[in-house]
Amino acid sequence: MQPEMQATMPAAEPKQKIIAFLLAFFLGPLGVHNFYLGKTGMGIAQLVLSITFIGLLVSGPWAFVQAILIIMGKTNDSDGNPLV
């Protein structure tokens, strides 16, 4: 009897810390860095908030804090893998 073979997905390339930081710093209120990291829920939330002026006052500082956390190495991608 042959053992069953499991189909596995190839490991995704690790996300780059500098790319995530630059996206957060320059396009952060639009949530682009969250889409890059695979965190689509947060990305959509920041994008929707950026449509309104009041929301932009929230998503701007939120993105700035996330940029700091990314550069300090305190953020992982959506699979929990550290940024390289």
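Some points to look at:
- Residue check, PRO14 open to solvent by less than 70 Å² (accessible area, probe 1.4 Å) and either in a loop (DSSP other than H, G, I, E, B) or in contact with a Phe, Trp or Tyr (Cβ under 6 Å, 6 or more places away or on another chain) (or both): yes
- Any hit, the range 30-38, residues being open to solvent by 70 Å² or more (accessible area, probe 1.4 Å) and out of contact with any Leu (no Cβ under 9 Å at 6 or more places or on another chain): no
- Considering only residues in the range 61-84 that are touching a Gly at 6+ places or on another chain (Cβ under 7 Å) and part of a helix (DSSP H, G or I), the one that is surrounded by the fewest Cβ atoms within 10 Å (Cβ to Cβ) turns out to be PHE64.
- Against the numbered list (1) under 14 Å from the mean Cα position of the chain (by Cα); (2) at pLDDT 95 or above, MET72 comes up short only at (1).
- Pairs meeting the criteria (first residue in the range 38-60 and touching a residue at least 40 places away in the same chain (Cβ under 8 Å) and within 21 Å of ASN81 (Cα to Cα), second residue of a type in the set (Asp, Glu) and open to solvent by less than 50 Å² (accessible area, probe 1.4 Å), beta carbons under 8 Å, at least 6 apart or on different chains) are GLY38/ASP77.
The values are calculated or read from the model by the stated rules, or taken from the named source; none is laboratory data. These numbers come from a predicted model, not from an experiment. For neighbour counting, all protein chains shown are included, and Cβ atoms are generated from backbone atoms with ideal geometry for every residue, glycine included. Note: accessible area is taken over every heavy atom of the protein model, side chains too, but ligands, DNA and RNA are not part of it. Shrake-Rupley method; radii C 1.70, N 1.55, O 1.52, S 1.80 Å.
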